[in-house]
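Structure, as C-alpha cells:
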Amino acid sequence: MGWFYGTKPRCASQGPGRSCYSVRPMPQRLSRLLPMMLLLLDGCGGGAASPWAGTWDATYAGTYSLNPPPQATQSNSGTGVFTVTESGSTITISMALSGATTGTCTATLAVTGSAASYSPSPQSCSFTVTATGAQQTNTNGGTATLSGDTFTLTVVNGTFAGTVASAPYSGTYAGAWTATRRPSR
C-alpha cells in the first residue's frame, strides 16, 4: 500500500513519557509522488554539488617575450568568462575571452579536491589578437587551485605562434588567471 508515515492523533490516555503515535498507510497518490519529489530536491541542491562548477569572471596577468631573437619581456593582461563543468574527477573550463585577445578556448583538467592540473598537458587554443587582427595559437600546461568562490589557473610552459600581415611571429608566455564565481540567481 505504499510508504508509511506517522501521525499524532488526539489521545486522551497519553501519560507522562508516553508517545501516542499511530501508523497509517500513506495515500497511494502521495506514495508515487514522493520518490519524484526527492529526486527533484536532490537536483536542486540536495546532493553534493561540484565546488568547481559554475560561471566565473576571470582576469589574466602575465608576461610574454617575442622570438627571434628573444626580446625584452612585456606584461599583458586579459579578461574573460569561464564556464566550468565537472564530470567525475575531470573539469572542463570553457573560456570566452574579450579585450586584447578574443575567442573561445576549452581546457580539460584532472581534479583532486581543490587542486587541478591540465590533462593532457600541454593543450592548445586559437585566438584573434584584437589590435592587429593576428590569428594566434597558444599552447600551455597549467595548474589550478580552488579556494571558496575563487580559483587561480596558473599557466606554465606557454608558447605562442601567429601571423600578422603575412609575417610569422612566436614567443613564450607565463601568467595566471584569477576567477571569481558569479553569484547564482
Residues of segment 141-158 being modelled with pLDDT of 95 or more, of a type in the set (S, T, N, Q) and either buried (at least 16 other Cβ atoms within 10 Å of the Cβ) or touching a strand residue (DSSP E or B) at 6+ places or on another chain (Cβ under 7 Å) (or both), in sequence order, are Thr143, Thr145, Thr150, Thr152, Thr154
Given the structure, is Ser87 surrounded by fewer than 18 Cβ atoms within 10 Å (Cβ to Cβ) and more than 11 Å from the chain's Cα centre (by Cα)? no
Residue hits (segment 149-175; in contact (Cβ under 8 Å) with a residue 24 or more places away in the chain and within 16 Å of Ser114 (Cβ to Cβ)) are Asp149, Thr150, Phe151, Thr152, Leu153
Restricted to segment 115-131 and to residues being small (Gly, Ala, Ser) and either outside any strand (DSSP E or B) or without any contact (Cβ under 8 Å) to a residue 24 or more places away in the chain (or both), the residue nearest to Thr145 (Cα to Cα) is Ser119
Which listed residue, of Ser124, Ser77, is farther than 25 Å from Arg182 by Cα and surrounded by fewer than 14 Cβ atoms within 10 Å (Cβ to Cβ): Ser124
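The values are calculated or read from the model by the stated rules, or taken from the named source; none is laboratory data. Keep in mind the model is a prediction, meaning the values are calculated, not measured. All Cβ positions, glycine included, derive from the backbone under ideal geometry; neighbour counts span all protein chains shown.
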